[in-house]
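One structure is given here, and the rest of the page talks about it.
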Amino acid sequence: MPQTSLLPDIAGLERQELESLLREREIEAYRARQLFRWVFKRGVTDFAEMTDLSKSLRARLPELFRVSRPAVVGREHSADGTAKLLLELDDHRRVESVFIPDSPGQTFCISTQVGCAMRCAFCLTGKMGLARHLAAGEIVGQVRVLAEEIGLLDARFNIVLMGMGEPLHNYDETMKALRILGDQDGLAVSPRRVTISTVGLVPALERLAQEPYMPNLAVSLHATTEAQRDLLVPLNKKYNIAEVIEACRRFPIKRRSRITFEYVMLAGVNDSREDAKRLVSLLNGIRSKVNLIPLNEAAGIPFSRPTDERVDEFAQILADRHLTVSVRKSRGRDIRAACGQLIVEETEKSAGQKLAAAMPT
Ligand code: SAH
């Protein structure tokens, strides 16, 4: 019997890749469609259960392929309906994935890395640093597990790449994952239902602009002067506001669509009337909407959340100048599932404690 982990993982292959691997092994290419339906639509990973395949094929497949599935090692449910899953990957590394109901649709918030290399000053995930990038199959795997757990395999849902990590820093695996998720014989997620959120890696934004599978774009701006953004988003020293905004101006925005600019609000740092006015002029001429995210506070994050009045006043200044603005309601804060709160304890001991805490009593 071959060592399982060295076999190609069906959960991380595009259908054309699977078709050519099947052909190389003298198996009909149309079997790829059947396999996709089992794995992605029905959540079946055991070849023995794939009853529309011949018995001999069912017996042969385990020697040729494997189907990975992240293991659910923790579940937490928030009072507001948000659910956070702690998932363990084949190498025992862990990531968090979040389900946010009625926001307005059903939304899955997915990670693209274990940790994150961007180290934004107000984000807990950034504190972990980057442990490793996720493979396409692991990105897709989070969606499969969430859809199975929540019972949404046959339903429509949205995907936001706003979990742990910076999707454009793991460009190839992220885009491959989106193509797998979009496959008509798989979960068939339309790109219109997917949003990539990025801190603004300009060369990757330029690549994204050429993609045939074009998701919605959200850009984490968070500041209106270069000096201010240098402090909050270290990547600004490499790709500054001016360059990020230029890349957004060139970005081919789909008809009736817009770029979302995310703006974390930090009391006394970037929440003044002047900031609001500068934000309006920065976005002048871009089909945009602004999503204000009042900081989710956490121990170790040296900033505080502005008052609701301050947030409303800021939003009003934008609205008065004809910008579409929304304030992100933070969901799942009681289970640390809100933006910037995803962090995975690295030691076995704390992971165990966390799991114990998540168990229903
Ligand atoms: N790397 C991507 C995805 C990050 S998470 C990006 O930078 O866009 C999605 C959003 O949550 C980002 O806008 C991020 O800046 C924001 N965020 C991070 N920490 C936060 C916190 N503590 N409170 C509120 N929002 C936060």
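The values are calculated or read from the model by the stated rules, or taken from the named source; none is laboratory data. These numbers come from a predicted model, not from an experiment. No Cβ is skipped: glycine too gets one built from the backbone with ideal geometry, and neighbour counts run over all protein chains shown. Quick note on the areas: whole protein, heavy atoms, side chains included, nothing else; ligands and nucleic acids left out. Shrake-Rupley method; radii C 1.70, N 1.55, O 1.52, S 1.80 Å.
Looking for something within 16 Å of the ligand (Cβ to nearest atom), modelled with pLDDT under 95 and open to solvent by 40 Å² or more (accessible area, probe 1.4 Å) - is there at least one such residue anywhere in the stretch 335-345? Before you say what the answer is, go through the steps one by one.
Applying the first criterion (within 16 Å of the ligand (Cβ to nearest atom)) to the stretch 335-345 yields 335-344.
After this cut, where a residue has to be modelled with pLDDT under 95 as well, the list is 335-344.
When the remaining residues are screened for being open to solvent by 40 Å² or more (accessible area, probe 1.4 Å), the result is 336, 339.
The answer is yes, given that some residue of the stretch 335-345 is within 16 Å of the ligand (Cβ to nearest atom), modelled with pLDDT under 95 and open to solvent by 40 Å² or more (accessible area, probe 1.4 Å).
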Checked the stretch 307-325 for anything within 18 Å of F261 (Cβ to Cβ) and touching a helix residue (DSSP H, G or I) at 6+ places or on another chain (Cβ under 8 Å); matches are F314, I317, L318, R321, L323, V325
Can you tell me which residues in the stretch 121-142 are within 16 Å of the ligand (Cβ to nearest atom) and open to solvent by 10 Å² or more (accessible area, probe 1.4 Å)? A121, F122, C123, L124, K127, M128, L130, A131, R132, H133
Considering the stretch 134-148 alone, what residues qualify as being of a type in the set (D, E) and either in contact with a strand residue (DSSP E or B) (Cβ under 7 Å, 6 or more places away or on another chain) or under 18 Å from L7 (Cα atoms) (or both)? E138
Please go through the stretch 247-273 and pick out each residue that is touching a residue at least 40 places away in the same chain (Cβ under 8 Å) and either open to solvent by 70 Å² or more (accessible area, probe 1.4 Å) or part of a helix (DSSP H, G or I) (or both). A247, C248, R250, R258, R273
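I'd like to verify a number: residues in the stretch 197-227 that are of a type in the set (S, T, N, Q) and within 14 Å of the ligand (Cβ to nearest atom), how many? Even if it seems obvious, please write down each step before you answer.
From the stretch 197-227, those of a type in the set (S, T, N, Q) are 197-198, 210, 216, 220, 224-225; that's our starting set.
Checking the rest, the ones that are also within 14 Å of the ligand (Cβ to nearest atom) come to 197-198, 216, 220.
So the answer is 4.
Could you tell me whether the stretch 309-325 includes any residue that is within 23 Å of T82 (Cα to Cα) and assigned by TED's automatic domain parsing to the domain that holds S103?
Taking the stretch 309-325 first, the residues within 23 Å of T82 (Cα to Cα) are none.
The answer is no; no qualifying residue exists.
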Test for R193: is it in the same structural domain as R132 (by TED's automatic domain parsing), closer than 22 Å to A338 by Cβ and of a type in the set (D, E, K, R): yes
Leading residue by the ranking (farthest from R179 (Cα to Cα)) among those in the stretch 51-82 that are hydrophobic (A, V, I, L, M, F, W, C) and buried (at least 20 other Cβ atoms within 10 Å of the Cβ): L61
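When you check S20 against the structure, is it at pLDDT below 95, small (G, A, S) and over 24 Å from L152 (Cα atoms), yes or no?
Values: at pLDDT below 95: no; small (G, A, S): yes; over 24 Å from L152 (Cα atoms): yes.
When the stated conditions are applied, S20 does not pass them.
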Residues (closer than 22 Å to C339 by Cβ and in a loop (DSSP other than H, G, I, E, B)) located in the stretch 236-246: Y239
Of the residues that make up the stretch 310-325, is at least one part of a loop (DSSP other than H, G, I, E, B) and within 12 Å of the ligand (Cβ to nearest atom)? no
I'd like to verify a number: residues in the stretch 23-41 that are at pLDDT 95 or above, open to solvent by 40 Å² or more (accessible area, probe 1.4 Å) and on the phi < 0 side of the Ramachandran plot, how many? 7
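So is R58 over 30 Å from Q113 (Cβ atoms) and either of a type in the set (A, V, I, L, M) or over 24 Å from the mean Cα position of the chain (by Cα) (or both) or not?
Numbers: over 30 Å from Q113 (Cβ atoms): yes; either of a type in the set (A, V, I, L, M) or over 24 Å from the mean Cα position of the chain (by Cα) (or both): yes.
Yes; evaluated as a whole, the condition is true for this residue.
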Among (1) assigned by TED's automatic domain parsing to the domain that holds R179; (2) surrounded by 20 or more Cβ atoms within 10 Å (Cβ to Cβ) - the single one P104 does not satisfy: (2)
Among the residues of the stretch 173-195, is there at least one that is open to solvent by 10 Å² or more (accessible area, probe 1.4 Å) and within 14 Å of the ligand (Cβ to nearest atom)? yes
Six or more apart or on different chains, Cβ atoms under 6 Å: show the pairs whose first residue is in the stretch 231-245 and farther than 11 Å from V199 by Cα and whose second is acidic (D, E) and assigned to a helix (DSSP H, G or I). K237/D230
